[in-house]
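The values are calculated or read from the model by the stated rules, or taken from the named source; none is laboratory data. Given the structure is predicted, the values throughout are model-derived calculations rather than measurements. FYI the Cβ positions are ideal-geometry reconstructions off the backbone, even for glycines, and counts take in every protein chain you see.
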Amino acid sequence: MIQLHDLFFEEFISATQISQAVNGVVVRINDDYKGRKPVFLTVLNGAFFFASDIIRKFDGNCEMSFIKVASYKGTQSTGNISTVMGVEPSLKGRDVIIVEDIVDSGNTIEAIIKILQQEEVNSYKIATMFYKPLAFTKNYPIDYVGMEIENDFIVGYGLDYDGLGRNLNTIYKLKPRKMKNIVLFGPPGAGKGTQADVLKEKYNLKHISTGDVFRYNIKNETELGMLAKSFMNKGDLVPDEVTIDMLKTEVDKNVDANGFIFDGFPRTNSQAKALDEFLAEKGEGINGMVALEVAEDLLVARLLKRGETSGRPDDQDESKIRNRFNEYETKTAVLKEYYQEQNKYFGVDGVGSIEDITERLCEVIDGL
């Protein structure tokens, strides 16, 4: 298994199988173009491995040309085709072999065919290393196919995930994650605890609250609990590694869970990175940081109202409430940037009824 960016891939097709498939394509092309001088039109960037192998084994004279189009973002085809680099020189009257790394929806090839028709080529055929018949939505034929595969997302042999993986000689396919892991944030008074209770039931997730984990370990005098208490008794902050080890223990207790809601953790970039590394060891990761967003003045009024019945001193002093809010904003801003860089930050309007807020949260979580 390998990791590229935030995703994990497992070995799928060996280098030997690739070589055998390429040879099968070359034999057919050599037979069809004996005595002719075709132009191999390579679709960049992904097809350069495949094109290199078949052109070097072509039994005759040929020429090369290149075209670059774009349709993928991450692991999904956008369906929007843009030509980044057109064909050169003119292909008018020529016999063209379009060389692709993979044909799935067929949108890219369709765009290239239109260009070739405008160029008034004599003929064209399509050669692709990989073909996904279940994803193909067009009517034109694919003339030379190295391998047919299921509708999996693959990397290697020129294929990439956001720029990585092209250099791999073996094909790897995306390893589906078994867990849905959420980092849930919300300022004091936003109702995060209430929503966590609802979400854990709806999605059958394990709710891990840092506060609850600390209290459990200290109360039961576990080794980690006693270690944390020794720092707290001295007025020191509990080191990240102790907190992280507590969280790891909780995760390891629930290996069959559908996923986790991490509540109150991570608090720092180093904790977020440590959590990513720990989950990566299990072939998992954080799906998203979901943050309830509520205006400060509204939260202050809400907490002061709660303080009339809760008996909590920190709910009865506006200056203390605003300090708590500022502290939250300071800590969250750092993590917001961390997860935004991974396209994993999702802000949710935290104003309204419990049911309305739950519906908004579920809309985000369902899309992760």
Flagged pairs (Cβ under 9 angstrom, 6 or more apart or on separate chains; first in region 240-263, free of Cβ contacts under 8 Å to residues at least 12 places away in the same chain; second of a type outside the set (A, V, I, L, M) and not in a strand (DSSP E or B)) are Val255/Lys282
Subset of region 280-301, residues in contact with a helix residue (DSSP H, G or I) (Cβ under 8 Å, 6 or more places away or on another chain) and either part of a helix (DSSP H, G or I) or among the acidic types (Asp, Glu) (or both), comes to Glu296, Leu299, Val300
Please tell me if Ser270 is over 27 Å from Glu355 (Cβ atoms), exposed (fewer than 15 other Cβ atoms within 10 Å of the Cβ), hydroxyl-bearing (Ser, Thr, Tyr) and under 29 Å from the mean Cα position of the chain (by Cα). yes
Scanning region 245-279 residue by residue, those under 22 Å from Tyr328 (Cβ atoms) and in a loop (DSSP other than H, G, I, E, B) turn out to be Gly264, Phe265, Pro266, Arg267, Thr268
In region 161-180, residues that are assigned to a loop (DSSP other than H, G, I, E, B) and either modelled with pLDDT under 95 or of a type in the set (A, V, I, L, M) (or both) total 9
message = Against the definition (farther than 18 Å from Gly288 by Cα and either in the same structural domain as Met289 (by TED's automatic domain parsing) or in contact (Cβ under 8 Å) with a residue 40 or more places away in the chain (or both)), how does Tyr328 come out, yes or no?
response = yes
Examine region 30-47 for a residue that is of a type in the set (A, V, I, L, M, F, W, C) and over 26 Å from Ile115 (Cα atoms), and state whether such a residue exists. no
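What number of residues in region 135-157 are among the hydrophobic types (A, V, I, L, M, F, W, C), more than 21 Å from Phe9 (Cα to Cα) and assigned to a loop (DSSP other than H, G, I, E, B)? Before the answer, list the steps.
Taking region 135-157 as the starting set, the residues that turn out to be among the hydrophobic types (A, V, I, L, M, F, W, C) are 135-136, 142, 145, 147, 149, 153-155.
If we keep only those that are more than 21 Å from Phe9 (Cα to Cα) too, we end up with 136, 142, 145.
If we keep only those that are assigned to a loop (DSSP other than H, G, I, E, B) as well, we get 136, 142.
The total comes to 2.
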(Q) Could you go through region 277-284 and let me know if any residue there is in the same structural domain as Thr249 (by TED's automatic domain parsing), in contact with a strand residue (DSSP E or B) (Cβ under 7 Å, 6 or more places away or on another chain) and of a type outside the set (S, T, N, Q). (A) yes
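Looking only at region 197-244, filter to residues that are assigned to a loop (DSSP other than H, G, I, E, B) and among the hydrophobic types (A, V, I, L, M, F, W, C); which one of those is nearest to Val364 (Cα to Cα)? Break it down stepwise before answering.
At the first step, the residues of region 197-244 found to be assigned to a loop (DSSP other than H, G, I, E, B) are 204-205, 220-222, 234-239.
Those still in the list that are among the hydrophobic types (A, V, I, L, M, F, W, C) too: 205, 237-238.
Numbers: Leu205: 15, Leu237: 34, Val238: 33 Å.
Residue satisfying both the conditions and the ranking: Leu205.
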Of Ser77, Ser14, Ser82, the only residue that is modelled with pLDDT of 95 or more and small (Gly, Ala, Ser) is Ser14
If we keep only residues of region 138-165 that are surrounded by fewer than 15 Cβ atoms within 10 Å (Cβ to Cβ) and on the phi > 0 side of the Ramachandran plot, then the residue farthest from the chain's Cα centre (by Cα) is Gly163
